[in-house]
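Structure record follows, encoded as structure tokens.
The values are calculated or read from the model by the stated rules, or taken from the named source; none is laboratory data. In this text the structure is predicted, and so the values were computed from the model without any measurement. Counting neighbours? That spans all protein chains shown, and the Cβs are built from the backbone with ideal geometry, glycine included. Heavy atoms of the whole protein, side chains included, go into the accessibility calculation; ligands, DNA and RNA do not. Shrake-Rupley method; radii C 1.70, N 1.55, O 1.52, S 1.80 Å.
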Amino acid sequence: GNLLAANQEVTKLSLLYGEKNLSLNHIQKAVGDNARFDLFDLTEAAIAGDATKTAKILFSLKAEGQAESLVLWALSREIRTLCALAEGVQLGNPLSQLFQQYGVWNKQQPVMQQALKRLPLKKLLLLNQELLAADKAIKGQSSENAWDNLLRLSLALAGVTLFENVV
């Protein structure tokens, strides 16, 4: 959809590799780090349990100057939805009904099911509590670094605990 950007990538490949034949690996290496991400890419990777991609997207969002409060909003929306789904399942409600109730699209449902298997309700409730700490850091009401909190939250959502005593 963006011919100028495509032309720039082809020119860059030409400068990097000259006349030699390019493999898929060459192309991926040259253009892979230019990907632009949005908040939904972050939550999608985290819910899918892809910690490496989650961290990469978060660092990219930070480098692009994304507002911490928007990152927190996206993470909190998913954490709260997962909490509600887990609580509903624990009460014996059918997951299909809960998906409909909380507006989880058909495309998202398999990934959300995997996340619910990976993240027990107790862990989700702890993540929900950690949202407040991140909010305080963003507002300057704590000495913690907001981006560190967001990294910890997003990786915990992906199933990786950075520190044992937190989340």
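For the reader, a short list of remarks on this structure follows.
- Simple label model, 7 Å out from Cα along Cβ direction - L121 to R36, nm: 4.2
- Square roots of five times the Cα gyration tensor eigenvalues for region 43-123, Å: 26, 13, 11
- Residue order by solvent-accessible surface for Y102, Y17 is Y102, Y17, largest first, with ligands and nucleic acids left out and a 1.4 Å probe.
- Counted residue by residue at 0.36 nm each, then reduced by the alpha carbon distance between them, the extension gain from E9 to W105 reaches 31.1 nm.
- Computed with a 1.4 Å probe over protein heavy atoms only, the accessible surface of the chain comes to 62 Å² per residue.
- Sorting 120-129, 55-64 by average packing, meaning the other beta carbons within 10 Å per residue, from highest down gives 55-64, 120-129.
- Surface composition of region 45-140: carbon and sulfur make up 53 percent of the accessible area, probe 1.4 Å.
- Max mean-square fluctuation residue, GNM over the chain, Cα-Cα springs under 10 Å, options T52, T43, T81: T52
- For the chain, the mean projected area of the C-alpha convex hull, equal to one quarter of the hull surface, is 12.4 nm².
- Ranked packing of 18-25, 149-156, 85-92, most packed first, by mean Cβ within 10 Å: 149-156, 85-92, 18-25
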